[in-house]
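Before any comments, here is the structure.
The values are calculated or read from the model by the stated rules, or taken from the named source; none is laboratory data. Everything quoted here is computed from the prediction, not taken from an experiment. Cβ atoms come from the backbone with ideal geometry, glycine included; neighbour counts cover every protein chain shown. Ligands, DNA and RNA are stripped out before the accessible areas are found, and what is left, the full protein with its side chains, is counted by its heavy atoms. Shrake-Rupley method; radii C 1.70, N 1.55, O 1.52, S 1.80 Å.
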Amino acid sequence: MPSSSVSMHGMWSSRLMFILAATGSAVGVGNIWMFPYMVGVNGGSAFVLAYLICIAVIGVPVMMAEVLVGREGRQSPINSLISLSERSGLSPHWRVLGWMGALTGILILSFYGVISGWAMAYVVTTVSGDMNGVDASQVTAMFDSFTGDMTQVMVWQGAFMIATIFIVARGVGDGLEMAVKYLMPALFILILALIAYAATTDHFGEGFRFLFQFNAADLTAESILAAMGMAFFTLSLGMGTMIAYGAYMPPDANILGTVGLIAVLDTIVALMMGMVIFPLVFANGLEVSAGPGLMFITLPLAFGHMDGGQLFGGIFFLLVTFAALTSSISMIEPAVAWVVEKFKLTRAVAAIVIGGIAWLIGLGSVFSGNIWSDLQVLGDRTFFDSVVFLTSNILLPLGGLIFAIFAGWLLNREIISGQLEMSGPSLQVWSFLIRYIAPVAIFVVFVMALR
Ligand code: PFF
């Protein structure tokens with residue numbers, strides 16, 4: 001039996017709300033900005049195949065473990081880890097894993113707020129018609145001059161952070177749930193509209209083949225590694241977000257079915273974004289391997305030349321902002337829930353304190369485009385690149401690895417079978433994936449990423 005059937009922070013009102021919220025967390029800038037550029041950089045369909053396999057054999061089992069720990073613990077990830085460790089006869093020091101996750105979330109939000117701020121700014125830039133008819137060098141110059149303008153980027157980042165803090169402060173029911181209830185369906189509709197547009201270009205088939213003409217022979221070690229890191233980031237795993245959201249999950253929802261659906265929805269959004277972006281890239285003779293600039297440099301160029309591009313471009317960047325908001329709120333939920341429990345603060349104060357810290361750290365990422373552009377922090381990386389590297393390549397895989405060992409090898413088996421409601425072969429498959437496949441695979445990614 002779970003330790004409690006409700007959380008002090010509130011509850012998702014239904015299984016559907018949990019699915020929307022967790023899908024909202026998973027679907028974000030990772031799917032929209034990072035996935036297409038990673039596909040482009042890593043050669044297309046082979047990367048997609050590796051990504052799909054990683055989602056299925058690592059992502060789904062780890063997410064199931066996070067959700068079950070949350071629903072059993074019914075508290076912040078830190079306190080859920082303490083209580084489940086004690087009930088499994090383990091040291092309460094497993095809480096360190098929760099602290100690491102809470103800190104990782106704050107760090108991710110610090111740079112995520114900057115990218116999301118760019119997306120918000122691009123809603124205005126695109127709708128105002130500034131992109132109409134621009135050429136590649138102009139659009140690049142516009143991007144560089146925008147990110148180089150410290151005040152502008154700070155204003156947009158600040159606006160995004162205030163929106164995030166506002167939603168989190170309102171709590172599970174009125175804040176998080178209201179946001180995902182409207183933003184997630186809107187997101188799906190907007191993407192479908194963009195796919196319909198992409199289908200009108202002569203290059204839809206070409207984009208489709210680039211994504212799906214699987215050829216296993218194209219798989220390289222690098223593309224597999226990149227795909228695994230992407231799988232972690234995109235499913236919001238390795239830092240306790242799914243533990244936090246699992247704590248608000250109704251007791252009667254089945255974990256395997258629910259998590260499977262979230263993974264499928266997240267994957268569909270990423271693939272749909274590929275189907276939006278690549279036909280546009282091909283139709284405009286752009287470079288698929290443009291890298292991180294793919295969205296902010298090449299897409300406005302495409303929008304600037306298509307009929308109705310002003311409107312579609314505006315819709316697109318609005319969509320990115322929506323998706324980013326339903327993810328950003330989940331990044332600080334682990335820390336906010338813990339601060340509320342530990343210091344008995346109201347959610348509003350906790351959200352302002354934690355969001356404020358993320359905002360302050362994020363200023364370093366704002367400055368990386370301008371006054372700190374020459375500052376090197378980790379190796380030859382700017383502050384911004386260092387935080388991205390530290391979180392995605394080190395902290396998330398490390399958190400996922402330790403968590404897989406905790407859940408697979410140490411957690412009380414009765415808690416697991418009670419929460420997962422699985423037995424026989426299906427439980428054996430999950431146990432095999434979480435005990436052997438996930439830790440070994442994550443370890444390999446981690447070591448390679450460090451090198
Ligand atoms: N999954 C989000 C995305 O793909 O944009 C990013 C993210 C959200 C990472 C929440 C980590 C997290 F805890």
Study note, to complete from the structure: By my count, helices (runs of 4 or more DSSP H) wholly in segment 333-432 with at least 1 residues that are away from the ligand (no atom under 16 Å from the Cβ) and within 16 Å of VAL62 (Cβ to Cβ) are 396-405, 413-420, 424-432
Review point. Is it fair to say GLY260 is away from the ligand (no atom under 16 Å from the Cβ), over 30 Å from GLY308 (Cβ atoms), at pLDDT 95 or above and not polar (S, T, N, Q)?
Key: yes
Point to revise | Those residues of segment 112-129 which are buried (at least 24 other Cβ atoms within 10 Å of the Cβ) and touching an Asp or Glu at 6+ places or on another chain (Cβ under 9 Å), in sequence order | key: none
Point to revise | Filtered residue count, segment 62-87, keeping only those that are part of a helix (DSSP H, G or I) and surrounded by fewer than 24 Cβ atoms within 10 Å (Cβ to Cβ) | key: 6
Exercise for review: Just name the residue that is modelled with the lowest pLDDT out of those in segment 393-426 that are open to solvent by 40 Å² or more (accessible area, probe 1.4 Å) and under 24 Å from MET228 (Cα atoms).
Suggested key: ASN393
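Would you call PRO439 closer than 19 Å to LEU81 by Cβ, free of Cβ contacts under 8 Å to residues at least 40 places away in the same chain and not β-branched (Val, Ile, Thr)?
So PRO439 passes the test.
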Review point. Hey, any hits in segment 365-372 for a residue that's crowded, with 22+ Cβ neighbours inside 10 Å and touching a Pro at 6+ places or on another chain (Cβ under 9 Å)?
Key: no
Check your understanding: Quick check: is even one residue across segment 5-18 over 22 Å from ALA324 (Cα atoms), touching a helix residue (DSSP H, G or I) at 6+ places or on another chain (Cβ under 9 Å) and polar (S, T, N, Q)?
Key -> yes
Revision key, fill the gap. Here the residues within segment 270-327 that are aromatic (Phe, Trp, Tyr) and open to solvent by less than 30 Å² (accessible area, probe 1.4 Å) are PHE278, PHE296, PHE303, PHE316, PHE317
Check your understanding: From the list PHE232, PHE166, PHE188, PHE146, which residue is assigned to a helix (DSSP H, G or I) and surrounded by 22 or more Cβ atoms within 10 Å (Cβ to Cβ)?
Key -> PHE232
Point to revise | Members of segment 205-225 that are under 26 Å from GLY285 (Cα atoms) and either open to solvent by less than 50 Å² (accessible area, probe 1.4 Å) or within 16 Å of the ligand (Cβ to nearest atom) (or both) | key: GLY205, GLY207, PHE210, LEU211, SER223
